[in-house]
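Read-outs throughout are calculated quantities, based only on the coordinates presented, and are distinct from any laboratory measurement. Since the model is a prediction, treat every value here as computed from it, not as a measurement.
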C-alpha cells in the first residue's frame, strides 16, 4: 500500500518538523500578535501619551510663533510643515520602535527565531484558478471566515456596551472645558481599545490552540513514512550491520596495536586472553590493554609471542578479568592480590624488582 494511502496516525519525527520549519510552516496566530500589539500600544499611550501631546503642543506653538501675522505664503508653509513633521517623527519614534519590538517579540514567542527564503520562491499552484477556487471553498477557508465574523461580532458587542456605559459622561461634554473634554475622550478611547484588545487576546489564544492542533494533524506521518525516513537517515539493516562490523573491526585493530605495550597476557589457556600493563610510577593498578575470546584471543597470544611478552595461564583470573573489566579500565581491587602475584613472578623472571 502506498504511503499516501495509509492512515497518518504517528507523531511527526524531528526530521519532519525541521523540514516543515525550513519551509516556513510553523504555528502562528495573527490574532494573538494583533492583541499583544493593541494592548501594548494602549499601555504606552496611556503612560506616555500625555507627554507626547504636550511635546506636540509646544512644537506647534513654537512653529506658529515664527510665522508672520500676514497671510501664510507657500514659501512659509513648506518649511514650517517640514520642520513640524520632523519634530513629530522624532518624538514619536521611540514609541513606534517599542511597538515594533513588541510585534517582533510576539512572533518569536510563538515559534522562535526563523529565517527562511522558501516563502520567496514562486508557487505556481497559487495562480492556478482551479486551486484558488478550491481554496476559496475549503474547510480551512470556511473556518477563517467564521473566525473573522465571530471576532468582529464580539468586538462590536464589547464596543457597543462600553459606549453605552459611558454615555452619561458623554452627555456632559458640552459643559466641560476643552482640556477636560480631551482628557475624558482619551480615557474613553483607551478604555475601549483596552477592552477590545483583551477580547482579541482571548480569541488569539483560542486561535493559537486551533492552529497548533491543525499543524500537528498536518504533520502526522504513516508508519511506512517513518520506516522510509529511517532508511534514508540510517540506511538499510544490511548497511547498518556493515557499519557496525567496520566499527568493531577498527576498535579491534586499535586494541591489537596496544598489545605490544603489555607486560603480560593472562589466558585460560586457549579460549580467553587478557593483555595487562602496569607502570608502578604512573599507574595505581594494572590496566587492561586488550581482551578477547576465540579468534581474537588467539591473535593476542600471537602478538604477545612475537614481542616476547610473557603468557601466563590462570583460569579464575582470566575469567574474572574478561567478565568485569573493559578495555582501557584498571583491574578491580578484588583481584589485586592474584594479579600482583603474577606480576611479581614475571618481574623475577626478568630480573626486575617488584
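What to note about this one:
- Extension gain, residue 148-residue 19: 0.36 nm per intervening residue step, less the Cα-Cα distance, totals 43.4 nm.
- Taking only Cα atoms of the range 181-232, radius of gyration then Dmax in Å: 22.7, 73
- The calculated P(r) of the range 240-350, using every Cα pair and 10 Å bins from 0, goes 15, 50, 28, 6, 1 in percent.
- Percentage, to the nearest whole number, of Cα pairs in the range 157-279 over 16 Å apart: 81 percent
- The range 240-350, relative contact order in percent, only Cα pairs under 8 angstrom and at least six apart counted: 27 percent
- Against the empirical 2.2 N^0.38 Å (N residues), the range 151-217 has a Cα radius of gyration ratio of 1.58.
- Of interest is the spacing of the C-alpha centroids, which for the range 275-295 and the range 150-170 amounts to 85 Å.
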